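What follows is one structure encoded as structure tokens, with my remarks underneath.
The values are calculated or read from the model by the stated rules, or taken from the named source; none is laboratory data. This is a predicted model, so every value here is computed, not measured. Neighbour counts run over all protein chains shown; Cβ positions are idealised from the backbone, glycine included. In case anyone asks, the SASA skips ligands and DNA or RNA and just uses the protein heavy atoms, side chains included. Shrake-Rupley method; radii C 1.70, N 1.55, O 1.52, S 1.80 Å.
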Amino acid sequence: MRMRNKPWAEDELKKSNIVILDKKNCKGSWSSFFKNENEVHLEIGCGKGKFITETAEKNKNINYIGIEKNKNVLVLAVQKLKKEQSNVGFILGDAHNITSYFLNGELSRIYINFCDPWEGKKKWAKRRLTHRNFLNLYKSLGKKNIEVFLKTDNRELFEFSLNEFSNENWKLKNISLDLHNSNYENVITEYEEKFSQKGAYIFRLEAKSL
Ligand code: SAH
């Protein structure tokens, strides 16, 4: 997500007690962060936070964490959160380091919405958040059978992801090639809004590790 540099973003994030900036502080401690034992769902690349804040509002008995590597975007997500919403936390960090933030068994579900498709060079496939290397990291963090819910408008990334999940023996369900013409009760993300207005089809899948 391209975003003008906000020199004040870092200070703003440091001031917030719901943002983790330091890896050392959270691994294995999420239940004390949220002060309960509820399930934890993670959104990777939460952007400006529309999806996570709205989803958390609807599901108060689930804890949500958004990890985002761009501080200029994350600061907008933090601002979007209502004061009384206590089931959301954020990490300023990179999903490549996901195992530094969570202990095995701490997560139940991961949302990936409109991540970078890394099209073009073959060697870039490894950077896709649904590459098998990532799927194995996600699996290791799951309580038992971790779920990954993916949305994208990118056909190539979607096809790639279906193959990766199925080659790694994940169970796939609720696959949609036109989400906006389905019955799914959808929370629309910022990118989704933009792309669907331009006429793009939205693809979605649910995968569960075995
Ligand atoms: N999910 C939002 C934003 C999509 S854009 C939406 O649907 O509107 C993708 C976002 O993922 C960007 O904000 C980008 O900074 C972030 N991102 C990309 N790779 C990441 C990574 N490895 N770790 C954390 N965030 C990442």
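Couple of notes before you dig in:
- Residues that are within 15 Å of GLU43 (Cα to Cα) and either among the charged types (D, E, K, R) or not in a helix (DSSP H, G or I) (or both), drawn from the range 129-138: LEU129, THR130
- Any hit, the range 115-131, residues being more than 16 Å from the ligand (Cβ to nearest atom) and touching a residue at least 12 places away in the same chain (Cβ under 8 Å): no
- Within the range 60-87, the set of residues being open to solvent by 50 Å² or more (accessible area, probe 1.4 Å) and either within 10 Å of the ligand (Cβ to nearest atom) or part of a loop (DSSP other than H, G, I, E, B) (or both) comprises LYS60, ASN61, LYS69, LYS71, LYS82, LYS83, GLU84, SER86.
- Each residue in the range 25-53 was checked for being in a helix (DSSP H, G or I), open to solvent by 30 Å² or more (accessible area, probe 1.4 Å) and within 12 Å of the ligand (Cβ to nearest atom), and 1 pass.
- The range 88-141 - residue that is on the phi > 0 side of the Ramachandran plot and more than 15 Å from the chain's Cα centre (by Cα) and, of those, least open to solvent (accessible area, probe 1.4 Å): GLY105
- Among residues that are in contact with a Cys (Cβ under 9 Å, 6 or more places away or on another chain) and either in contact (Cβ under 8 Å) with a residue 12 or more places away in the chain or under 23 Å from ALA207 (Cβ atoms) (or both), ILE44 is included.
- Applying the criterion of being in contact with a Phe, Trp or Tyr (Cβ under 8 Å, 6 or more places away or on another chain) and assigned to a helix (DSSP H, G or I) to the residues of the range 158-179, the residue that is nearest to the ligand (Cβ to nearest atom) is LEU179.
- Being modelled with pLDDT under 95, assigned to a loop (DSSP other than H, G, I, E, B) and either of a type in the set (Gly, Ala, Ser) or within 28 Å of GLU147 (Cβ to Cβ) (or both) is a property that does not hold for LYS6.
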